[in-house]
Every structure is written in structure tokens, then in C-alpha cells.
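First comes the structure, then the notes that go with it.
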Amino acid sequence: MLEVENLHAYYGKSHILQGVAFDVGEGEIVSLLGRNGVGRSTTCKSIMGLVPPRGSIRFKGEELAGMSAHRIARKGIGYVPEDRLTFSGLSTRENLEMGVQKVGAESRWTIDDAYRLFPRLSERADVKADLLSGGEQQMLSMCRTMMGNPALVMIDEPTEGLAPQIVEQVGDFLLEVAASGVSILLVEQKLSIAMRVSHRVYVMGHGQIVFEGTPQDLQADDAVRREWLEV
Amino acid sequence: MIESVVFSLLNGVLYGMLLFMLASGLTLIFGMMGVLNFAHASFYMLGAYCAYSISQVLGFWGALVIAPIIVGLLGALIERVGLRNVHKHGHVAELLFTFGLVYVIDELVILVWGQLPVDYRIPEALDFTLFSLYGSDFPAYRGFILFMAVAMFVAIYLLLVRTRVGMIIRASLSHPDMVGALGHNVPRIFTFVFAFGTGLAGLAGVMAGNYFITEPGMAFAMGPIVFVVVVLGGLGSLGGALVASLIIGLVTTFAVGMNYSIADMLASAGIAFGQDSVLGINLSRFGPMLPYLLMVLILIFRPRGLMGSRES
């Protein structure tokens, strides 16, 4: 479904992505692991058109490199950023409505689905997003993206700074999203959740993919974990 | 005394509402796009001149509808062809672009309409006394300006709060990139906001051009004070722009009406002070400085403005 080849990206003169290549299949949960600063978030931003990419990004066979973010989103790619970026002046419900790309169009995901999965969002429907807790903002950010009915969603560090109980809820949410037929590219630092939900994992280091395999393969490879993941 | 206070109040509110008509568009453009549009008051001037020419053919009411649309369309064209390309080179380039635009529009206005003021008049239908108070008349056209400013505030408020377009604009005030990543065409929203904002400036020009004087210096007269309103009110805050406009309108109007000095006040308290010292300067002469002093103070003590949610 998503095929990335020889992807390069720059911040000024810094060469952040140095030939990244990976793929995500239909209905798959694929995790992109690695330490801070190796280029995982930049990979998502490049795919989304928020950082200018060089190389090839094909989605359902169509080349996306060079397209603007809104056109990429309309092709069926959703993005949940690391810093959540909920709209502070809008209520929880309005934030969810912002995710809807075409009013009245059929969608696998509705606001009621968001409220069923995260009842807390329903209780806080009329509250401005900047007054929500970190966990609530994460729930909101993920559900808002799903309102756009994406075929593939990139979720960047969804469990960062969250309490263990909320991390559990996020894991259940990812499994429900995958069960609905949506592919997931999960960017994570926590091995536990990635190992729990992923079909395949990639490990990044120095702007490149340094490992590819199943969670079991990674579990068995002490050298990779020690060199590229453990702090 | 009461007469003076009541009329200062009425004139202050009137000036404030005129400022709001001009500043509301700029606060949307500034808040959402981060564009410090120096040329905003030039669109106000264009509104007045277009209204003058159109009113020669279609009368004032035709000009009231058509002139803001023409100015808004011109704004859309400038954003689409100019600003959008300059945007890639950062805010300094944008700032210089709008700075250049001020002089281009100014020279074009002089080329088309000449150096001298044009005879843009209040329509006959509104050229009567609305009411008299303490023997002074309050013209109907001032009442019309107040009515239009309030109607404009309500219309913009409803657009922003009750419509989907408004919701997308409000979301773009905080995270435009994220709005794009959700599938909304942010460049098109920017064009719409710029056209809408410049159209509002044009409408303010239509309303104020015949109340003041329509002449090439009118943009320079209003340009700086509009930025004070936007900074004082807070980036992107419509309510803040309204409050700031009224504060500036009232402060400057009341200051102009103060016909005494600090030395006079000290003298009434029994402390003699020379009238030829600094304390002897008439307080009304500080009036023009007060809005800018307010801006400086707000930037030091409350950079996000009275009702803004962010600082830059």
C-alpha cells in the first residue's frame, strides 16, 4: 500500500533522512522504532508533505513526493503528530469535525465511534481542547485523524508522557483501527506497545533503516536492540 | 461638562467602530497567516476611491456593495500571484512585499484620481440630523456607520463561530500545517481570508471616505493606528480588536477634549508651577501619542494582547 524508497530529507543543511526505504501492506501495523533524533518523525512529515522529500513515496501505486499535505490527506493518508496539535480555540467536538474531509460523505469512522472508544471525549465534548489533559488530547488527536476516513494512518509517539492505563487504551485503539482494515505506521520509542500490536517492525539509526523483521525477530536479536534501541 | 463627556463618548465610540471596521480584516490576516500586511490601509483607501467612482454611476448604495467586492478580488489576486510566492522566502520578504505595495497603490491612486481630494459625499438619504442633544446635532450618517460596524461584527462573529469555513479559519489560527494534514486546502483558505480581510478594509473605506476626506494621504493617516489595534487586541482575536478599537477611539477622543495641563491641575490644588515648563503643556497634545504608548506597554507587559491566545 505504501512504498518508500531512497527517501532523503533536510532541515537546512542537516541531512536528516539518508535513503530510508520501507513498505506498509494493506491492513498491516508496522512500527518504526529508534532512539530520539534518528529521523522517525521526519519520515512521517516527509510522507505527509510537511517536510520537502527527495526520493520516492508511492501510495496505492501513485507517487506522492512533491504533493501538498492536503492532497496527500485526500488520497487517504492520515497523520497524528507527536505533539498532538489539537486546535486550542475549538471544542473537542469541533476538533473532531475538523477531521471530516467531506461533510455528508460515507465514513468508516464517526464522532459516535470516537465517543464509544473514548467516553471521556464525550464527557468533554464542549470543552476547549487546550483545557484537556495530555491523555485526552492524544485520544482527540487520534480520533480527529480517523474522521477523515484514511486508508493508512501514521501515528507518531502516541504513548509519550501518558499514564500506563491510557497507554493500554491507546494499544486497544490501534488494534481496533487495524481491525477496521486501516493500515498503521506506528512511530514508537516504547518497545512494549510496538511488540504488542505490530505485524512487522523497522529500526532506524542515523537517518537509515538498520533492521527489518517481525517483533519476534527483534526480540531474538540482542545486538540490534543493544546498539539501536536501548538507552 | 456633561455635554462634553456625552459627545466625546459618542465620537470616541464612532471613531473606535471605524477603526474596528478597518482592523477586523487585518487581525484575521495577521492572526492566521502571520502576514504583517503594511498595505492594509491602502486597501481601505482603494475602497474609498472605488466607492467615489462607482457612486458617480450607481449611487452610494451601489458603491457600498460593489467597491468592497472589487477591493476583495484585488486582494485575492495579490495574495495568489504575489504573497503566496513571497511566503516561501519568509516573513521579512512578506513584510517588504506589503511595504512596497503601499507605495505602488499610493502612486496608482494618484495616477488615476490625482493629488487633490475627490468629491465623495455622504448620500442625500443619510444627510440629515438623527437627533439633537444639548443643542448639538448628531448626523444620521454617524448613526449609519455605527450600525454598519455592529452589523459587521455580528456577521464576522457568526461566520467564524457558526459555519464550517469559520471553524477551519479558527483552527488555522493555531496550527495551519495540521489543518492541511487533515485534508483542508490551506492555501485556498489563506486566499479567502486575505480577500475577505481586504474586502472589509475596502468596506471601511467606503464608509469613512465620505465621512472624512478621500485623498491620497488617507492610507498613511490610518495605517499605523490599525497595527496598534491588532497588537492591543491580540493576534486573531475579533473580540480583542473590537475592545482595542473602542479603547483607542475613546482614549484619543477624550484626550483631544482635555483643555488643561498638569500645571493647571497642580494650581487648582494650590501648588504653583510655571505654565512655560513641560508640566504646562496642554494634555490634548499628548492625545496622538497615547495609542502608541499603549502598544509599547502592552508589548512589554502582555505580548499576547488583551484577548489573544498566542504571542507570535
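The values are calculated or read from the model by the stated rules, or taken from the named source; none is laboratory data. As the structure is a computational prediction, the values presented were derived from the model and not from experiment. Here the Cβ positions follow ideal geometry from the backbone for every residue, glycine too, while neighbour counts run over all protein chains shown.
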(request) Please find, within region A:30-45, the residue that is surrounded by the fewest Cβ atoms within 10 Å (Cβ to Cβ) out of those that are small (Gly, Ala, Ser) and either on the phi > 0 side of the Ramachandran plot or in contact with a helix residue (DSSP H, G or I) (Cβ under 9 Å, 6 or more places away or on another chain) (or both). (result) A:Gly37
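Would you please name the residue that is nearest to the other protein chains (Cβ to nearest Cβ), looking only at residues in region A:72-95 that are charged (D, E, K, R), assigned to a loop (DSSP other than H, G, I, E, B) and surrounded by fewer than 21 Cβ atoms within 10 Å (Cβ to Cβ)?
Taking region A:72-95 as the starting set, the residues that turn out to be charged (D, E, K, R) are A:74-75, A:82-84, A:93-94.
Narrowing further to those that are assigned to a loop (DSSP other than H, G, I, E, B): A:82-84.
Next, from what is left, pick out any that are surrounded by fewer than 21 Cβ atoms within 10 Å (Cβ to Cβ): A:82-83.
Values: A:Glu82: 12, A:Asp83: 9 Å.
Among residues in region A:72-95 that are charged (D, E, K, R), assigned to a loop (DSSP other than H, G, I, E, B) and surrounded by fewer than 21 Cβ atoms within 10 Å (Cβ to Cβ), the one nearest to the other protein chains (Cβ to nearest Cβ) is A:Asp83.
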(message) Take B:Phe138 and tell me if it is in a helix (DSSP H, G or I), surrounded by fewer than 19 Cβ atoms within 10 Å (Cβ to Cβ) and either touching a residue at least 12 places away in the same chain (Cβ under 8 Å) or within 14 Å of chain A (Cβ to nearest Cβ) (or both).
(response) no
(request) Answer with yes or no whether A:Arg35 is within 13 Å of another protein chain (Cβ to nearest Cβ), assigned to a loop (DSSP other than H, G, I, E, B) and basic (Lys, Arg). (result) no
(message) Among the residues that make up region A:51-67, is at least one of them at pLDDT 95 or above, under 13 Å from the mean Cα position of the chain (by Cα) and closer than 21 Å to B:Met178 by Cβ?
(response) no
(request) Taking only region B:141-163 into account, find how many residues are in a helix (DSSP H, G or I) and within 14 Å of chain A (Cβ to nearest Cβ). (result) 4
(message) Consider region A:189-206. How many of its residues are buried (at least 19 other Cβ atoms within 10 Å of the Cβ) and touching a helix residue (DSSP H, G or I) at 6+ places or on another chain (Cβ under 8 Å)?
(response) 7
(message) For A:Tyr202, only one of the following conditions fails: (1) away from chain B (no Cβ under 14 Å); (2) modelled with pLDDT of 95 or more; (3) closer than 23 Å to B:His184 by Cα. What is its number?
(response) (3)
(message) For the list (1) facing chain B (nearest Cβ under 10 Å); (2) surrounded by fewer than 19 Cβ atoms within 10 Å (Cβ to Cβ); (3) not hydroxyl-bearing (Ser, Thr, Tyr), I need the number of the one condition that A:Met147 fails.
(response) (2)
(message) With the requirement that a residue be closer than 15 Å to B:Tyr52 by Cβ and touching a residue at least 24 places away in the same chain (Cβ under 8 Å), what does region B:82-114 give you?
(response) B:Val109, B:Ile110, B:Val112, B:Trp113
(message) Cβ-Cβ under 7 Å, sequence separation 6+ or interchain: first residue in region A:133-156 and over 20 Å from A:Glu188 (Cβ atoms), partner of a type in the set (Ser, Thr, Tyr) and surrounded by 21 or more Cβ atoms within 10 Å (Cβ to Cβ). Which pairs?
(response) A:Ala151/A:Ser183
(message) Filter region A:96-131 down to the residues that are more than 14 Å from chain B (Cβ to nearest Cβ) and of a type in the set (S, T, N, Q) and list them by number.
(response) A:Thr110, A:Ser122
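Just checking, does region B:43-63 include any residue being touching a His at 6+ places or on another chain (Cβ under 9 Å) and buried (at least 18 other Cβ atoms within 10 Å of the Cβ)?
Within region B:43-63, the first condition is being touching a His at 6+ places or on another chain (Cβ under 9 Å), and the residues that meet it are none.
No, the conditions are met nowhere in region B:43-63.
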(request) Just need a number here: residues in region A:119-156 that are within 29 Å of A:Met1 (Cα to Cα) and in a loop (DSSP other than H, G, I, E, B). (result) 5
(message) Give all pairs with beta carbons closer than 9 Å in which a residue from region A:46-57 that is on the phi > 0 side of the Ramachandran plot and within 10 Å of chain B (Cβ to nearest Cβ) meets a residue that is outside any strand (DSSP E or B) and of a type in the set (S, T, N, Q); count only pairs at least 6 apart in sequence or on separate chains.
(response) A:Gly49/A:Ser68
(request) State all residues of region B:137-193 that are in contact with a helix residue (DSSP H, G or I) (Cβ under 9 Å, 6 or more places away or on another chain), closer than 30 Å to B:Ala125 by Cα and small (Gly, Ala, Ser); if no residue qualifies, say none. (result) B:Ala140, B:Gly143, B:Ala149
